[in-house]
Amino acid sequence: MKKSLLFKYLATGIFALSASMSWAAQSAAVCTNTKDNAELMECLNEQINLRAAKLRKYLAAARKLEKMAGGTDKELVETQKIWTKYSDQHCEYVFRREPGTSRYRYSAECQIRMLDDRIYEIWVDYLAYYDERNPLLPNPKK
């Protein structure tokens, strides 16, 4: 791998990590009014599904823009595969290290955070402009 490409991925990773840390502190808690564990897990799974659908929407828009700009979406597709593998392994680790039934909650919350962060990352890097133009899709933080 070329050094410049490695640097690009490293810099992107550092930016994403710092962005996700600050955004995670700001993100609102979900599923706070559930009565029991089963209801909590149902709510968390629903939240994961909603965010996964939103990520697919933002990725589709980013891929479309990449192609419209005369480029290819090959790198976006590849980085999404890498991100998916990382996210799955990270949240699986969270699941394995927690004891008892709390592991399900923490793992689901991990997935929600990872999805929220990735949606925002896609928006910043592919869908938002640095000039006066409006982004193709709204800022997912709002």
*asked:* I'm trying to understand the selection: among the residues of the stretch 122-142, which are farther than 15 Å from Glu66 by Cα and buried (at least 16 other Cβ atoms within 10 Å of the Cβ)?
replied: Pro140
*In the stretch 17-50, which residue that is under 13 Å from Asp116 (Cα atoms) and not in a helix (DSSP H, G or I) is modelled with the highest pLDDT?*
Val30
_Residues that are farther than 24 Å from Pro135 by Cβ and either part of a loop (DSSP other than H, G, I, E, B) or more than 15 Å from the chain's Cα centre (by Cα) (or both), drawn from the stretch 55-101_ = Glu92, Tyr93, Val94, Phe95, Arg96, Arg97, Glu98, Pro99, Gly100, Thr101
*Can you spot a residue in the stretch 98-109 that is closer than 24 Å to Glu78 by Cβ and either at pLDDT below 95 or crowded, with 16+ Cβ neighbours inside 10 Å (or both)?*
no
*Write out, first by first residue and then by second, each pair whose Cβ atoms fall under 9 Å of each other, whose residues are 6+ apart or on separate chains, and whose first residue, in the stretch 108-135, is more than 14 Å from Leu50 (Cα to Cα) while the second is β-branched (Val, Ile, Thr).*
Cys110/Val94; Glu121/Thr12; Asp125/Thr12
*Which condition number in (1) small (Gly, Ala, Ser); (2) outside any helix (DSSP H, G or I); (3) under 15 Å from Asn45 (Cβ atoms) is the one that Ser107 fails?*
(2)
*Those residues of the stretch 40-51 which are loosely packed, with under 14 Cβ neighbours inside 10 Å and over 11 Å from Val30 (Cα atoms), in sequence order*: Glu42, Asn49, Leu50
*Does Ile48 count as closer than 21 Å to Pro138 by Cβ and hydrophobic (A, V, I, L, M, F, W, C)?*
yes
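The values are calculated or read from the model by the stated rules, or taken from the named source; none is laboratory data. Only a predicted model underlies this, so the values are computations on that prediction, with no experimental measurement involved. No Cβ is skipped: glycine too gets one built from the backbone with ideal geometry, and neighbour counts run over all protein chains shown.
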